[in-house]
Number of protein chains: 4
Amino acid sequence: MSCVADTRVLVAGGSGYAGALAARLIDRHPAFELSAVTSRSDAGKPLSELYPHHRVDAVLEELDIERHGDVPAAIVAYPHGAAAPVAAALRERGTRVVDLSADFRLRDQPTYERWYGEHGAPRLFGTGVYGLPEVYGSQIASANLVANPGCYPTATLLALAPLARSGTIEDVVVDAKSGVSGAGRAPSAKTHFVAIDENVVPYGVGAHRHMPEIDQELAVFGAPVTTTFTAHLMPLDQGELVSCYVTTSEPWSQDRVDEAYGAWAEGQPFVDVVASPPGVRDVRDSNVCAIHARADARTGKVFVFAAIDNLWKGAASQAVQNLNLMFGHPETLGIEP
Amino acid sequence: MSCVADTRVLVAGGSGYAGALAARLIDRHPAFELSAVTSRSDAGKPLSELYPHHRVDAVLEELDIERHGDVPAAIVAYPHGAAAPVAAALRERGTRVVDLSADFRLRDQPTYERWYGEHGAPRLFGTGVYGLPEVYGSQIASANLVANPGCYPTATLLALAPLARSGTIEDVVVDAKSGVSGAGRAPSAKTHFVAIDENVVPYGVGAHRHMPEIDQELAVFGAPVTTTFTAHLMPLDQGELVSCYVTTSEPWSQDRVDEAYGAWAEGQPFVDVVASPPGVRDVRDSNVCAIHARADARTGKVFVFAAIDNLWKGAASQAVQNLNLMFGHPETLGIEP
Amino acid sequence: MSCVADTRVLVAGGSGYAGALAARLIDRHPAFELSAVTSRSDAGKPLSELYPHHRVDAVLEELDIERHGDVPAAIVAYPHGAAAPVAAALRERGTRVVDLSADFRLRDQPTYERWYGEHGAPRLFGTGVYGLPEVYGSQIASANLVANPGCYPTATLLALAPLARSGTIEDVVVDAKSGVSGAGRAPSAKTHFVAIDENVVPYGVGAHRHMPEIDQELAVFGAPVTTTFTAHLMPLDQGELVSCYVTTSEPWSQDRVDEAYGAWAEGQPFVDVVASPPGVRDVRDSNVCAIHARADARTGKVFVFAAIDNLWKGAASQAVQNLNLMFGHPETLGIEP
Amino acid sequence: MSCVADTRVLVAGGSGYAGALAARLIDRHPAFELSAVTSRSDAGKPLSELYPHHRVDAVLEELDIERHGDVPAAIVAYPHGAAAPVAAALRERGTRVVDLSADFRLRDQPTYERWYGEHGAPRLFGTGVYGLPEVYGSQIASANLVANPGCYPTATLLALAPLARSGTIEDVVVDAKSGVSGAGRAPSAKTHFVAIDENVVPYGVGAHRHMPEIDQELAVFGAPVTTTFTAHLMPLDQGELVSCYVTTSEPWSQDRVDEAYGAWAEGQPFVDVVASPPGVRDVRDSNVCAIHARADARTGKVFVFAAIDNLWKGAASQAVQNLNLMFGHPETLGIEP
């Protein structure tokens, strides 16, 4: 019951896991109103047929920029490559966009092309603000195009920011574990229940698309490293854990670790520094990133473990956090921890 | 190390779960030798690429009846409808066949056509022996075409045989629960990990193809009933439990139940009558059916719970049990409980 | 932000799954305020240590009726037997109580004693209102002691109410499947991950304590039957499905089924009659009961499938629904579907 | 059916997961005979009551060294600390022992005491042969006391041996993931299904007892490093994956990696070098260790992934492999890959 009209928000690409959740979060949001949910593959179906538990009363529609684009804001949940043209079309109409794809995350176009192929809207390349609110909050507030980070970069960057900013990271190994929703909704041999159940398997080894994104941001923070990053698929639905093993150029005491991470979490509603290594259940269905950091005397390394829900903080609820900032709402509105 | 040459066995259709397991069981069998494994969809691939854990050193081949059919025995693991022509072609060359599909299970052709459509080898219709060794052992021994039962009928019939034979079944409700391997290897929205995980859902309600098969055999046993049967998909890989609630025309005491089930299990190496309700883990990776029966004084009904491994006793190892009988080997050879 | 002070609610017994969730729901509720959370086993610990994902900022306290009992309302989440004295002590101080145990559900004291042993507050026996809001809503509104139903009875009674009220139920078989949270938080051989994983197993066969509760209420509705009820433990956390197979004294057409269930759901915010059998995922973390009913022409029976979240509609959120009614709030406040 | 009498083998401590599996493997072994299975906690119970699926027909007995110790061989599956006295008592009677605990793995007594406390049979300390057959095969053949390696060291050492032997390892990070059976059979809050399900959580961070064992052996191989090692608990039963990130003192090409690992696997029946990163399902219920190694051009590191079944190669079947060597049988007898 707000005194002013809610801001209408389009969700373009609502049949995937992240888009559908974004639609639900907008639908329940006290200051936003869901204007429409579109889908290329499932137009005509009620969203509740695909996602009964979201209980969103909307029918998926074929995207029609003329009809759907006349809104102040949109969340675009299209695959990499396909997202850019949609974002561009919306931007032309003045709609402020949070894009969930990788299309506007990278700042170096050759790097983008090496990992993703040709860009779908080159004129817009590099114009997006990287949508990690804990770092880029003020820029996001005035941005018209926000590139929502990848799920692994979100967890990794929130885990490593204090170390990276100190300028003391020499080498970092990130071993990431993700639930299957991170692999998307398309049925395949790899996402068949029988292939995942009672299994754990590395994937994208040496070639995961989130690597350049992590390196780009760590460098901005002050750690120009080549991150060792490997992702593993685990037999669970939502949830992601990154285990980071950091070699530093000078020794870190536990006191220094505690101080740095305490300062990092200060005032951040969604960064929880916790006293023991978090499990992914601790943050399920929330926008929280739970972080545990410790100086390991035995090896001299610093260990950092960070858990997020890949569909929430790793995608849809972080998009809402960005929209909150863009429209002047409290950062936590509708996604309270 | 047998004194005589092992009997060569073809597995036709080895890329599905049941066919692949059949290939492994034949490959390890002391009296059978795997002549070839064929596949329509994956010819050219090593079987170990699809099923590393089976450790069978064979390359999937396109079926060539001329080349592959010159064997004494074959296990056919094709989908319903497609199996009959393959079985027929093999029979023409004298090969003795165990068919895993439904094509030769039913004895009434109109019933077959109602549930499965046109039959692929009408001249052979009705010539198969129903391959439930605990019931049809002697006929199987001399059969040339054995119709391996469905997984649900296997568990249900082994569970209900003593009651059915007494002629006292008036009504029976079978609530069945199955692991996802029962749904086959083809990726689909229904078998996606995220759809199955943390879920349980009824399927094929009122229209499951195993119903006519169960009714047919129960009638032969002495119980001409219309079985109430519902299957549910559960978040596990292999395993099947049938919970049977039987209304009888006269009261059964626990003593009578114990006597009837004790007699039923007597001499059956794969029927275990157990003192408390079995879990599907108890029979995983085995040809055993574990059965618990009890007279329920409160309701006057008899409850029977039976657990099998749907891929083993419900498919591949039962096929080997049938082959053992057909070729004069001990019933348990290569599939010892 | 309500204009009037929120009603203070005590949660007594907050270390178990249901009590902890109740604390969270009260903590977030727009019209209630969490006064305290008590625990016999874990007093002194922050609730967030046991349940990080609930993010409730409260320390578990030893129950002190003098100190904690001075509140308008309490949710009691004690085990059967231990709950009654706590509820009695709270009632003496005028606190309105929703009790999650079985202590006030049954109306016949000998039946209670047969299933649960001696009652802990015999003077209060039979004074509670059965807290199924869809049936007893108006009585709950003015009740001081509400007996929150068991999880299985909740799902079963919501599934069968329309049939029971018609007076045509002759026999009913309920096959129930539950996630492991229903077995409680105490570690045991039965709840060890390895015992549950890749398993499904019947439990409490012929002797489940929810049976008399189901029969009592079905009789009130108009179906004086002895329900055949069997529960099964499944490898998932939250969720419960009841599959009901009903023999009726006269045939039901699908039209009659649809009409009866349509009327039943009408105006009920938490009863969803759905077009195909629900999975438990569809209602996870919600107070909704999803029901699918169909006349099965083949057997002449009526099949009803109902899914709930055992910790929500089966316990904690239903307690909040009851409190909403007791304090004159909209039934859905704080637990919107 | 061997011409000579089978060697009798005692399994001391058969109620835990590893001991029970050892009993089953001995029970089915063509050259060993299970003389007895003992248990401190469950004496008097049939083993099949605890482990129905093992189908071992034996009753657990209280250990009586006089009665049970008169055997040529024993597998001791006691907890750390409690194992040493039992092994000592058996050794005094001339029984050759494979010990599954850590009591004889370490060669430095102060190190043992720091991690495990006082040793239970100091006179025997350091007299065991480290039972990794791929490395110590010839010493195992003549050993009377074999210390079966820990599960993580087994996978890690098999993964890293070729690199360690080259003398080029400078630093190594091992991120390990294990199924819950690795945590043992004792029920606890940490092994409750609800705590594990949909979760992944680091444990023993910076203080895992397998660390000194790994460092000890890597040093023997030629890599005197302090290994960074962290274990994670995952929602599955059996299976373990170690992801190793190795910094080398000189660059390794993929060719050099392939050559080194090819040579390492040569003639090793249980070491499978595979072309893509293995999943733990690939080795379930087998004594195989599947290894994938690659030179990562981007980071200059070598990545090695190794999967084992923690209860098989990580414990019970490796014990049988050791017994095979000790009694002159083919290494693979009874545990064929």
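Throughout, read-outs are computed from the coordinates displayed, never taken from laboratory work. Note that the structure is predicted; figures quoted are calculated from it, not measured. Please note: Cβ atoms are built from the backbone with ideal geometry, for glycine as well, and neighbour counts cover all protein chains shown.
Some points to look at:
- When the Gaussian network model of chain B links Cα atoms closer than 10 Å, the mean-square fluctuations of B:Arg281, B:Arg24, B:Arg107 top out at B:Arg281.
- Two numbers describe the Cα atoms of the protein assembly as shown: Rg and Dmax, which are 31.8, 92 Å.
- Nearest-ten-degree value, helix D:151-165 long axis tilted from longest Cα axis of chain D: 40
- Calculated from backbone phi, Karplus (6.51, -1.76, 1.60) coupling profile of the stretch D:321-333 in Hz, x at Gly/Pro: 4, 5, 4, 4, 5, 5, 10, x, 8, x, 3, 8, 4
- 12 Å cut-off, amide nitrogen to a point 7 angstrom out along A:Glu266 Cα→Cβ, residues in the stretch A:135-152: none
- Among A:268-275, B:318-325, A:242-249, the peptide with the highest mean count of other Cβ atoms within 10 Å heads the list, and the full ranking is B:318-325, A:242-249, A:268-275.
- Annotation for A:Gly222, label-to-label distances across the other copies: 4.2, 7.5, 8.6 nm (shortest first, one decimal, point 7 Å from Cα along Cα→Cβ).
- Exam field: C:Asp57 pseudo-label spacings to other copies (7 Å along Cα-Cβ), nanometres: 3.5, 6.6, 6.6
- In the stretch D:107-191, one over the average inverse separation of all distinct C-alpha pairs is 15.7 Å, which is the Kirkwood hydrodynamic radius.
- Two-decimal Rg/Rh across chain B, once Rg and the Kirkwood Rh are taken from alpha-carbon atoms: 0.96
- Ratio of the Cα radius of gyration of the stretch D:51-113 to 2.2 N^0.38 Å, where N counts its residues: 1.29
- A simple rule links phi to the HN-Hα coupling: the Karplus curve 6.51 cos²θ - 1.76 cosθ + 1.60 with θ = phi - 60°, which for the stretch D:101-107 gives 7, 8, 5, 10, 7, 7, 9 Hz, with x for Gly and Pro.
- Each Cα pair under 8 Å and six or more residues apart adds its separation to the average, and for chain B the resulting relative contact order is 17 percent.
- Peptide A:286-294 shows a mean partner chain C-beta count of 1 within 10 Å per residue C-beta.
- Note: relative contact order over the stretch A:30-147, using C-alpha pairs below 8 Å and six or more positions apart, is 19 percent.
- Descending principal axes extents, the stretch C:146-218, alpha-carbon based, whole Å: 45, 29, 18
- When each of the peptides C:79-89, A:94-104, A:134-144 is scored by how many other beta carbons lie within 10 Å of its residues on average, the order from highest to lowest is A:94-104, C:79-89, A:134-144.
- Once the convex hull of all Cα atoms in the stretch B:80-155 is built, its volume per residue stands at 78 Å³.
- Convex hull volume of the C-alpha atoms in the stretch A:25-89, normalised per residue: 95 Å³.
- Rg over Rh [alpha-carbon atoms, Kirkwood Rh] for the stretch B:1-132: 0.99
- Computed from the C-alpha gyration tensor, the three semi-axes of the ellipsoid equivalent to the stretch B:191-337 are 24, 23, 16 Å, from longest to shortest.
- Given their separation in residues at 0.36 nm each and the Cα-Cα distance between them, C:Glu259 and C:Asp64 gain 65.1 nm when the chain is fully extended.
- Rg and Dmax of the stretch C:168-274, both derived from C-alpha coordinates alone, stand at 16.6, 48 Å.
- Calculated [θ] (222 nm, deg cm²/dmol) that DSSP helices of n ≥ 4 give over the protein assembly as shown, each run adding -39,500 (n - 2.57): -8500 deg cm²/dmol
- Across C:Val174, C:Val280, C:Val201, mean-square fluctuation computed from a Gaussian network of chain C (C-alpha pairs under 10 Å connected) peaks at C:Val201.
- Simple spin-label estimate for A:Val220 and A:Glu113 in nanometres, 7 Å along Cα-Cβ: 2.3
- Counting Cβ atoms of other protein chains within 10 Å of each residue's Cβ and taking the mean over peptide B:175-181 gives 5.
- Scaling the Cα radius of gyration of the stretch B:277-318 by the globular reference 2.2 N^0.38 Å produces a ratio of 1.37.
- Using a 7 Å projection from Cα along Cα-to-Cβ, the label point at D:Glu266 is separated from the same position in the remaining copies by 6.2, 6.2, 8.3 nm, smallest value first.
- When each of the peptides C:17-23, D:159-165 is scored by how many other beta carbons lie within 10 Å of its residues on average, the order from highest to lowest is C:17-23, D:159-165.
- Taken residue by residue and averaged, Cβ atoms of other chains lying within 10 Å of the Cβ of C:200-211 number 5.
- Summarising the label geometry, the points placed 7 Å from Cα in the beta-carbon direction at B:Ala189 and C:Arg93 lie 5.3 nm from one another.
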